[in-house]
Amino acid sequence: MPGTALSDRTALITGSAQGLGAALVRAFLAEGARVVALDVDDEANRATARALDPGGQRVLPLHADLRDLDAIERAHRAAEDWSPVDVLVNNAARPLAVPLWDITPEDWDEVFAVNLRAVFFLTRAVAAGMRERGWGRIVNMASVAGQTPRPTGAAYGSSKAGLISLTRVFATELAPHGITVNAVAPAMTDTPMVRAVSPEQLAELTAQVPLGRIATPEEVARLVVFLAAEGSFVTGATYDINGGTLMR
Ligand SMILES: NC(=O)c1ccc[n+]([C@@H]2O[C@H](COP(=O)([O-])OP(=O)(O)OC[C@H]3O[C@@H](n4cnc5c(N)ncnc54)[C@H](O)[C@@H]3O)[C@@H](O)[C@H]2O)c1
């Protein structure tokens, strides 16, 4: 394979077992990167890693529950022992679409633990190595739900809005060290997360997208790869990829 900007870089991708995360693993491998693939669903994650890297040399599947700060630290050490991490994609998330009346304190805490607290602690751990090496690319998977209010989005949408804010703070603090930090904000994308929606609801939601369809995971993955490979002067930005759902 001819050299690309990501040849022999190592990317740590969370939520890699399925959906967007699996598409991200595939896209980074196609660019010649090595991938640390982290997910709480160990069996599915290993199956995805085997399917995308049959030789088992370029993907390291790691089992970790991002709700657990010790597990985050163990996963980080295992990743760095395998290969220093150059690119971090915080992609895993806990979805929740529940009317505000029905959100429990446990739901609230779990959504924020995965979607925001884990991102903070994993990013800080990984950024320490990037800072020593003077180069790093971090991409956070936000959502249009964090940019504009949706019914049933009190916890999930607020966690994604927080993630956009966290992206800017990390971008500011890490810029002097050659590390860029950006967010990507998709609208509906064809992954298992969305397949939980009923066909009627999906048709209704799709009708609201000016481009008339939902995104493919590959389209979103290409934007993340672009930011990691080519985004040398882009930091603190949130890239919308929403078919025109929200224009600003
Ligand atoms: N699919 C969409 O329509 C859509 C739209 C906007 C944003 N997003 C965002 O894109 C990202 C990926 O979404 P997706 O649709 O592929 O989701 P998905 O639910 O299909 O996959 C999420 C993955 O994260 C893993 N995960 C969940 N909790 C975890 C935990 N505690 N520890 C470790 N791993 C955990 C799951 O096991 C799963 O493999 C998420 O951040 C999501 O919020 C998705």
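The values are calculated or read from the model by the stated rules, or taken from the named source; none is laboratory data. Note that the structure is a prediction, hence the values are computed from the model and not measured. Don't worry about glycine lacking a Cβ; one is built from the backbone with ideal geometry, like all the others, and counts go over all protein chains shown. Side chains included, ligands, DNA and RNA excluded: accessible areas come from the protein's heavy atoms. Shrake-Rupley method; radii C 1.70, N 1.55, O 1.52, S 1.80 Å.
To the nearest 20 Debye, how big is the dipole of the chain about its Cα centre, given +1 on the beta carbon of each Lys and Arg and -1 on that of each Asp and Glu?
Dipole of the chain, to the nearest 20 debye: 600 debye.
Considering the options S165, V194, N45, tell which one lies farthest towards the positive end of the dipole of the range 10-240, charges being +1 on Lys and Arg and -1 on Asp and Glu at the Cβ, about the Cα centre.
Of the candidates, S165 comes out farthest on the positive side.
Spelling out what I want: for every residue of the range 12-26, take phi, set θ = phi - 60°, compute 6.51 cos²θ - 1.76 cosθ + 1.60 (Karplus), and round to whole Hz; glycine and proline get x.
Residue by residue, the range 12-26 yields 9, 10, 8, x, 8, 5, 8, x, 4, x, 5, 5, 5, 4, 4 Hz.
Calculate, in nm to one decimal, what Q208 and T172 gain on full extension: separation in residues at 0.36 nm each, minus their alpha carbon distance.
9.5 nm
Where does the chain land at 222 nm, in deg cm²/dmol rounded to the nearest 500, when only DSSP H runs of n ≥ 4 count, each adding -39500 (n - 2.57), divided by all residues?
-13500 deg cm²/dmol
Taking the Cβ-Cβ separation of W108 and R133 as r and a Förster radius of 45 Å, what is the calculated FRET efficiency to the nearest 0.05?
With R0 = 45 Å, the Cβ-Cβ based efficiency is 0.75.
Rounded if a/c is under 1.5, else prolate if a/b is larger than b/c, else oblate: which is the chain, with a ≥ b ≥ c the root eigenvalues of its Cα gyration tensor?
The shape class here is rounded.
Please give me the summed charge of the neighbours of P149: other residues whose Cβ is under 15 Å from its Cβ, Lys and Arg +1, Asp and Glu -1.
Surrounding charge for P149 is +3.
Compute the long axis of helix 42-52 from its Cα atoms, compare it with the longest principal axis of the Cα atoms of the chain, and write down the angle in degrees, 0 to 90, nearest 10.
Helix 42-52 sits roughly 70 degrees off the main axis of the chain.
Which whole-number value in Å² is the accessible area per residue of the range 101-232, probe 1.4 Å?
It amounts to 48 Å² per residue over the range 101-232.
Cα centroids of the range 101-132 and the range 29-52: how far apart, whole angstrom?
Distance between centres, Cα-based: 21 Å.
At R0 = 41 Å, how high is the FRET efficiency between E230 and W82 if r is their beta carbon distance? Nearest 0.05 is fine.
That gives a FRET efficiency of 0.95.
Once fully extended, how much extra length lies between M247 and S198, figured as 0.36 nm per residue of separation less the alpha-carbon to alpha-carbon distance?
My answer for the length gained is 15.0 nm.
Computed FRET efficiency, Cβ-Cβ of R74 and W101, R0 25 Å: what is it to the nearest 0.05?
0.05
Can you pull the percent of the range 10-240's accessible area that's carbon plus sulfur, 1.4 Å probe, other chains left in place?
Carbon plus sulfur share of accessible area: 55 percent.
Starting from the 7 Å offset along Cα-to-Cβ, what nm value, one decimal, do you get for the label separation of E43 and R124?
3.5 nm
If you count, for each residue, the other Cβ atoms within 10 Å and average over each peptide, how do 162-168, 86-92, 32-38 line up from highest to lowest?
Per-residue mean Cβ counts within 10 Å order the peptides as 86-92, 32-38, 162-168.
Using packing as a proxy for protection, rank 96-109, 211-224 so that the peptide with the highest average count of other Cβ atoms within 10 Å comes first.
So the order, starting with the most tightly packed, is 211-224, 96-109.
Roughly how many nanometres apart are two label points built 7 Å out from the Cα toward the Cβ at E219 and D8?
Result: 3.6 nm between the two label points.
May I ask you to derive the relative contact order of the range 110-248, considering only C-alpha pairs under 8 Å and at least 6 residues apart, and to give it as an integer percent?
Relative contact order for the range 110-248 comes out at 28 percent.
Percent relative contact order of the chain, based on C-alpha pairs within less than 8 angstrom and at least six residues apart?
19 percent
From the residues F226, V25, A215, which one has its Cα farthest along the dipole of the chain in the positive direction, the dipole being from +1 and -1 charges on Cβ of Lys/Arg and Asp/Glu about the Cα centre?
F226
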